[in-house]
Amino acid sequence: MDKLVIAIDGPSGSGKSTVGKAIARRLGYLYIDSGAVYRAVGRKALDTNTSLEDATSVARLANLSSITLEGDPDHLRVFLDGRDVSGQIRLPDASHASSVVATIPEVREAVVEKLREMARAGGVVMDGRDIGTKVFPDAQVKLFLDASLDVRARRRCEEERERGRDVTADQIREELEARDRRDCERTATPLVKAPDAVFIDTSDLPLDAVVERALEIARTRSQT
Ligand code: DC
């Protein structure tokens, strides 16, 4: 199969990363979690006591930081200025900070540049919020995944509990709603489905079935 770019967008808990990793594994592609890059910027702002509202300073951090992803899809590590921050970027404060810094247009420009550089060699699955609309508008395969708020909250709750965080479903639901609002209502490349993306509602669909459907689309696209 040609070295395609596969773009997967959707809100938190829609199944993007599970599906993205499985596709990358099956095709031997690089998997890039673009949210991890925004999370690393948010982490750095918190760790350096930079106000999340100070757009100029946060954009400077984004431009000057080295953020790299290493390892295969199942063991992806995130490095910020050479330090492994894979755990710290998943903490609740970093989740919140990432969605705030992601509203800053200059931060988005810096991250988009980093993401394009990471995918330079092709043969990549990238997931996020603006991959099919902004980062790779010419991606050969574009998927937009979504699921009901209840299902997404349940998935996130399970993940958080696996990480040892003592959370309630209501708490996660509130966090998700707040992040959804920021992701969808920001003026800088908000979360929207690209017109040519295939929409898949994963609420009642096993994620294996979504992977098979995506691989079928990839096969068709690589022959055209
Ligand atoms: O996918 P995630 O939950 O790890 O993403 C963290 C935050 O980063 C999310 O709230 C919105 C932002 N984000 C973005 O704006 N654009 C992307 N392509 C990926 C993530």
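The values are calculated or read from the model by the stated rules, or taken from the named source; none is laboratory data. What you see is a predicted model, and the numbers here were worked out from it, not measured in a lab. As a convention, Cβ positions derive from the backbone with ideal geometry for all residues, glycine included, and neighbour counts pool all protein chains shown. Ligands, DNA and RNA are stripped out before the accessible areas are found, and what is left, the full protein with its side chains, is counted by its heavy atoms. Shrake-Rupley method; radii C 1.70, N 1.55, O 1.52, S 1.80 Å.
Couple of notes before you dig in:
- Identity of the residue in segment 20-61, within 12 Å of the ligand (Cβ to nearest atom) and not in a helix (DSSP H, G or I), that ends up least open to solvent (accessible area, probe 1.4 Å): ILE32
- Filter result for ALA139 (among the hydrophobic types (A, V, I, L, M, F, W, C) and surrounded by 14 or more Cβ atoms within 10 Å (Cβ to Cβ)): yes
- Number of positions in segment 62-80 that are under 22 Å from PRO105 (Cα atoms) and surrounded by 11 or more Cβ atoms within 10 Å (Cβ to Cβ): 7
- Lone qualifier among ALA214, ALA209 - being in contact with a helix residue (DSSP H, G or I) (Cβ under 6 Å, 6 or more places away or on another chain), on the phi < 0 side of the Ramachandran plot and part of a helix (DSSP H, G or I): ALA214
- Looking only at residues of segment 116-133 that are under 27 Å from GLN223 (Cβ atoms) and within 11 Å of the ligand (Cβ to nearest atom), we find that the one that is most open to solvent (accessible area, probe 1.4 Å) is THR133.
- Segment 86-108 residues that are assigned by TED's automatic domain parsing to the domain that holds SER65, paired with ones that are among the basic types (Lys, Arg) and crowded, with 23+ Cβ neighbours inside 10 Å (beta carbon under 6 Å, 6 or more apart): GLN88/ARG43; ILE89/ARG39; ILE89/ARG43; ALA94/ARG39; ALA94/ARG43; SER98/ARG39
- Whichever residue in segment 149-186 is of a type in the set (A, V, I, L, M) and modelled with pLDDT under 90 and, among such residues, is most open to solvent (accessible area, probe 1.4 Å): ALA169
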